[in-house]
Amino acid sequence: MVKIFIDAGHGGTDPGAVANGLKEKDLTLNIARKMRDMLNEYENVTVKLSREGDQTLSLKQRTDAANAWEADYLISVHINAGGGTGFESFTYNGKYSGKQETNRKRTILHTEIMQALGSGIRNRGEKEANFHMVRESTMESALTENLFIDTKAEADKLKQDAFLTQVAKGHVNGLVRIFNLSKKATTKPVSKPVAAAPGKLFKVQVGAFADKKNAEKLADELKKKGYSTYIVQG
């Protein structure tokens, strides 16, 4: 079972970046929830969110929760600020065993997110930084910065639920590739025939004819189609 820990950045008394009528903490939670719902459609994967609502959590509480849960992968979702444009992702910039594999997985994630965001979104690149979420997590991890909340054109995109769905989809597509996840099999419900009430039969009359030959002709046609027929003289 693959265990994915999704951190919705900020929350509670920490709104994160605020601009253009948006708060980072709301956007990150929305994306995280969408990711969870999408991942629930796959086999052999379980998801835990750092927060389910508008809670205040320290960075240490978040990584402690991921470490205690023994997650296989951590993604910390954020929205950027500072007047720029585009998408970028981060892994830890220190020296540690498994760094090459961590960066390989991040490349897959980054590529899928950029593809999901579509043309016109600037690729700011795959970067490394001394961020707590990727430094203190004991599993492979990445932090994503999804557009700029204080750039109006990008804020307008972040206001669209369909766009946030694409952001989440990109993250999930990356995880599907990284862990080779398969969709759960879907089964269609089998419709059961409705039984007639005991002792009751319902008859259907097709037509009445003055000429018996016409009645016999129709009866023959119905028999060929598998219907039980008989002729009654009126």
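Every number in this text was worked out from the coordinates using simple rules, so none of it is lab data. Note that the structure is a prediction, hence the values are computed from the model and not measured. Ideal geometry is used to build each Cβ from the backbone, glycine not excepted, and the neighbour counts take in all protein chains shown.
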In µm²/s, what is D for segment 25-82 at 25 °C and 0.890 mPa s, where D = kT/(6 pi eta Rh) by Stokes-Einstein and Rh is the Kirkwood radius from Cα pairs?
195
Coarse-grained scattering of segment 2-179 at q = 0.11 Å⁻¹, given as base-10 log I(q)/I(0) from a Debye sum over alpha-carbon atoms:
-0.40
Net charge around F90, counting only other residues with Cβ within less than 10 Å of its Cβ (Lys, Arg = +1; Asp, Glu = -1)?
-2
Loop-located chymotrypsin sites (Phe, Trp or Tyr not before Pro) in segment 81-119 whose Cβ has at most 12 other Cβ within 10 Å (DSSP)
Y96
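What is the sum of charges around D72, taking Lys and Arg as +1, Asp and Glu as -1, for the other residues whose C-beta is under 14 Å from the C-beta of D72?
0
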C-alpha center-to-center spacing [segment 125-150, segment 1-70] in angstrom:
13
Using θ = phi - 60° and the Karplus form 6.51 cos²θ - 1.76 cosθ + 1.60, what ³J(HN,Hα) does each residue of segment 124-132 get, whole Hz, x for Gly and Pro?
7, x, 9, 10, 10, 7, 8, 7, 3
Förster radius 45 Å - calculated FRET efficiency between Q160 and K60 (Cβ-Cβ, nearest 0.05):
0.85
Cross-link candidates for K105: which aspartates and glutamates have Cα within less than 19 Å, leaving aside residues fewer than 8 places away along the same chain?
D7, E70, D72, E88, E126, E128, E136, E140, E145
For N93, the residues 5 or more places away or on another chain with a placed amide H closer than 5 Å to its own amide H are A129, N130, F131
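Give me the dipole magnitude in Debye, nearest 20, for segment 2-179 about the Cα centre, with unit charges on the beta carbon: positive for Lys and Arg, negative for Asp and Glu.
260
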In sequence order, calculated HN-Hα J values of segment 52-63 (Karplus, 6.51, -1.76, 1.60; Hz; x Gly/Pro)
9, x, 8, 8, 8, 9, 6, 4, 5, 4, 5, 5
Write out the trypsin sites (Lys or Arg not before Pro) in segment 1-103 meeting two conditions: DSSP loop, and at most 14 other Cβ atoms within 10 Å of their Cβ.
K95
